[in-house]
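Here the structure comes first, spelled out in structure tokens, and everything after it is commentary.
Every number here is computed from the coordinates shown, using simple stated rules; none is lab data. As the structure is a computational prediction, the values presented were derived from the model and not from experiment.
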Amino acid sequence: MQKQVPLIYFVGVSEGSYFPIFPVYVVGEGRNERAFFVQADDQGIMSVETEEVEDSSGRRRYVTRERNSSWCRRCCTKRVIRAYRTNCAVCRLHAHPELLDAAHILPDGHPLGRPVIANGLSLCKLHHAAFDSNVIGIRPDYIVEVRKDWCRSSITSSRSAAC
């Protein structure tokens, strides 16, 4: 901590896949909680909690949990898009991950709006903007609904059923 040596912190996104965050600096520790705190220049402080667990073979290993919304959000984005097999949940756009975003189902401000896979949707940029603007919504039974005032009267009757 005293030397302020920059480090690279690798956050596990999924098995064998890591997200690098750099530079980070150790700014504190909680020995009783088995935690340490790192800070990236513009990211804020992140708490890293370590828990000792036994795997199926009886060997000890350590699990870390990161606590910082911006870092968790970036890692969660990759996890959500991967969970949807790099597809948009609405139009199934595939093989263009640079055009996909992870959208929150419940926003950050909501008490249950945490950055976890179960609270995410993989959406292309167009559908993400429409979702965030409440132009489209997705019901719990996976039906996509379009806001009525966005449906044009010139849409044929076969397509107007979706609106």
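What is the percent of Cα-Cα separations in region 71-149 that go past 19 Å? Before the final figure, lay out the partial values.
Values: 987 of 3081 pairs.
Taking all Cα-Cα pairs of region 71-149, the fraction more than 19 Å apart is 32 percent.
Amide H contacts for residue 29 (H built 1.01 Å from N in the peptide plane; partners 5 or more residues away or on another chain; cut-off under 5 Å): 37.
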